[in-house]
1. For ARG264, what is the net charge nearby, where nearby means another residue's Cβ is under 13 Å from its Cβ and Lys, Arg count +1, Asp, Glu -1?
2. Would you mind working out the magnitude of the charge dipole of segment 34-164 relative to its Cα centre, with +1 at each Lys and Arg C-beta and -1 at each Asp and Glu C-beta, to the nearest 20 Debye?
3. How many percent of Cα pairs in the chain exceed 40 Å?
4. Per the Kirkwood treatment, what hydrodynamic radius in Å, one decimal, follows for segment 349-443 from the mean inverse distance over all distinct Cα pairs?
5. Could you list which residues have their amide H under 5 Å from that of ASN371, counting only those 5 or more apart in sequence or on another chain, with H placed in the peptide plane?
6. What is segment 346-403 by shape, rounded, prolate or oblate, if you read a ≥ b ≥ c off the alpha carbon gyration tensor as root eigenvalues and call it rounded for a/c under 1.5, prolate for a/b larger than b/c, and oblate otherwise?
7. Under a point spin-label approximation (7 Å from Cα along Cα-to-Cβ), what is the ASP369-ILE247 distance to one decimal in nm?
8. Apply the Karplus curve 6.51 cos²θ - 1.76 cosθ + 1.60, θ = phi - 60°, to the phi angles in segment 424-441 and return the couplings in whole Hz, x for Gly and Pro.
Amino acid sequence: MERPEHVLFLTGRLALPALTRVLTDLGALPFTWEIRELGLQVAALMTADMVRRRLSTPVAADRIIVPGRCRGDLAALSQALGVPVERGPEELKDLPRFFRRAAQPVDLSTWRVQIFAEITDAPRLTVAQVVARAQALRADGADVIDLGGLPDTPFPQLEDCVQALKAAGHRVSVDSQSSDELLRGGRAGADYLLSLTPQTLWIADEVASVPVLIGAEPGDEAGLWAAIEAMQRRGRPFMADAILDPIPFGLTRSIVRYHRLRERFPEVAILMGTGNLSELTEADTSGIHAVLLGLCAELDVAAILTTQVSGHARRAVREADVARRMMHAAVQLQTLPKGLGDALMTAHDKHPWPDSADEIATIAAQVKDPNFRIQVSAEGLHVYNRDGLRRATDAMALWPQLGLQGDAGHAFYMGAELARAEIAWQLGKRYVQDQPLDWGCAVERPPDDKLAWCAPAPTKGARP
């Protein structure tokens, strides 16, 4: 019988009891394990160089797992030790989920739905401004740049915009209620035209652009179906849009229209305009896009058209990109869209408080130095050092207990950290001292470079 893999976990003194409990509670595992404390108090301060200096060789293990915040080159460390070394989760309480994900890796690199990102005010922009906007939209995940026309607004630079975008490597669509602008856009080389009605279907015969078909008016299913059948007789590629209506002006009816469209034409490429819901509903758009792209996955929608006009919808393209990947994976794996990624949970976290108040108190009792540690539990904010543990739900209530009246720099640091911790507690987000809160895809965040040393911020000023 083949020997099971043996895994060595490296940690610090304070985390040792908790790590032992977590691994024990995991029960039967496909590997055996042991824990080694490397002679440091805080596991998060571990580095690859420290491991190399303190871990005796040869290592009697098939794999080594270090804390998720361990800095340094683990590839070089693996080579030096002769054993693969990998980072575990940043919080040891996340080990169960870490092993489940490792056993069932999910590929989020593929998707089915294309994203048309509309520049709604294109007629008012210069060609250079349009190209710059397009580059930003593509960086967020857009596949097609949509040039939106404006009623009663001339668009003399339309052809130049189309050609400049094509030269920059973009696919382009022109979106207008003007037949003249659609025709000009198609002749300039636009890949798609939004949108042709039964009355303007003739434009498709004049240009090579792929048309997106709609009814004569919202809800005109008969007209849409007639346009689809006319294009099918022509043998030309096209998309069809049943028009998504806003709340409370027919959202449910419009979803039913999309369902009927798919039932009647199983092979037709469908486009869904999502802006009527994301832009016209004052709610966090990450959840809206999760539901909309879930509907798209079920209906096998080929593309969505989205906008970023309202301030609350400014991340629409990025959110749609995350959502389409997750929902595509859920369909491919035939699983619920759970455990596939956290990027759409912008306001809350699924597991915000890894430690209970009692567990934090146990750790606090072991601290023998003056540096303040901050943790958050379901009960509130916990601040501790060798002088004791303080707890509150209001960061301001902790100020008189910290004794920092004569240490401005440290007081400023603690104020910033406690404000961040209070926000995390109020919303139900994971808080890690000296780290920004994770707002998912709602916020630009540079990648975490694990090869760079990240020294902890000062937590105690000099005292006599």
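1. On the way: positive: ARG257, ARG260, ARG262; negative: GLU221, GLU229, GLU263, GLU267.
Net charge around ARG264: -1.
2. Working: 16 positive and 18 negative charges, 190 e Å.
It comes to approximately 920 debye.
3. Here the long-distance tail beyond 40 Å is 39 percent of all Cα pairs in the chain.
4. Numbers: mean 1/r = 0.0731 Å⁻¹.
This gives a value of 13.7 Å.
5. ARG386
6. Working: a/c = 2.38, a/b = 1.41, b/c = 1.68.
It is oblate, given that a/c is not under 1.5 and a/b is not larger than b/c.
7. So the two model labels end up 5.0 nm from each other.
8. Whole-Hz 3J(HN,Hα) from phi for segment 424-441: 4, 5, 5, 8, x, 10, 6, 10, 10, 4, 6, 10, x, 5, 8, 9, x, 7.
The values are calculated or read from the model by the stated rules, or taken from the named source; none is laboratory data. This structure is a prediction, so every number in the text was calculated from the model and none was measured. Cβ coordinates were reconstructed from backbone atoms using ideal geometry, including for glycine residues, and neighbour counts include every protein chain displayed. Side chains included, ligands, DNA and RNA excluded: accessible areas come from the protein's heavy atoms. Shrake-Rupley method; radii C 1.70, N 1.55, O 1.52, S 1.80 Å.
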